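First comes the structure, then the notes that go with it.
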């Protein structure tokens, strides 16, 4: 007999269980060759901006970018790469494919994707790229979304990002009124002992619930962090912010045929129930 007793596979169940428990998952990318190509292409853009030959070892070049730029010239490099890579027609499909199976499992198979893929470069001891502790939903993002965060080099400790697991984020939300004028610094002090500093080797990807508190600090390691991030949600999710809605901030990427039919359907006149 061939009876199926669950709508989800064992892999789906394990992934969902981890995500619901912690608020994030770190797994092998779904397409390693695509990641390697993406890393190489980003390194080539950096070399174009700097007027240097393409490196034989993209990882080594990206890790040591502080030898080629200063904190004062870093943002010009980042903006050049950001604008150039978002002109690639293949960027968003490739970025989706890197975590596609997991995104489909966690979010759904009719997805909307942020219209731009973001890039972060955080050199050692450079305070120009800091992102204070925060939760995206506090700024108008829909809670029906995840962030796919992809390092282009190995990241760990202060070179990486931190996250406060889901249950602990929810536990401290009721205490925000106690922060007073302390702001984000007071919030960080409140939760710093519970923060998880994510160790993510090249070849793995982080997908996290952006309602979890997260951020970064000064990179005190010896190498530079290069990471990309982009948000994914269901096409049919409730959109909270007028600014960050479908058709502008989010664009459909995997809308299915029947949904297209239903969205265009108009009931003929003259019928009554």
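Below are the figures for this structure:
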quantity: Selection within segment 115-125 - surrounded by fewer than 18 Cβ atoms within 10 Å (Cβ to Cβ) and in a loop (DSSP other than H, G, I, E, B); calculated: 115, 116, 124, 125
quantity: Boolean, residue 105 is in contact with a helix residue (DSSP H, G or I) (Cβ under 9 Å, 6 or more places away or on another chain), within 27 Å of residue 196 (Cα to Cα) and without any contact (Cβ under 8 Å) to a residue 60 or more places away in the chain; calculated: no
quantity: Output for segment 126-151, where each listed residue is in contact with a helix residue (DSSP H, G or I) (Cβ under 9 Å, 6 or more places away or on another chain), surrounded by fewer than 21 Cβ atoms within 10 Å (Cβ to Cβ) and closer than 22 Å to residue 185 by Cα; calculated: 126, 127, 128, 129, 132, 134, 135
quantity: Residues satisfying the stated conditions in segment 54-76, i.e. touching a helix residue (DSSP H, G or I) at 6+ places or on another chain (Cβ under 6 Å), surrounded by 18 or more Cβ atoms within 10 Å (Cβ to Cβ) and farther than 15 Å from residue 37 by Cβ; calculated: 61, 69
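Bear in mind these aren't lab numbers, they're just calculated from the coordinates by the rules spelled out. Note that the structure is a prediction, hence the values are computed from the model and not measured. Every residue, glycine among them, receives a Cβ derived from its backbone with ideal geometry; neighbour counts consider all protein chains shown.
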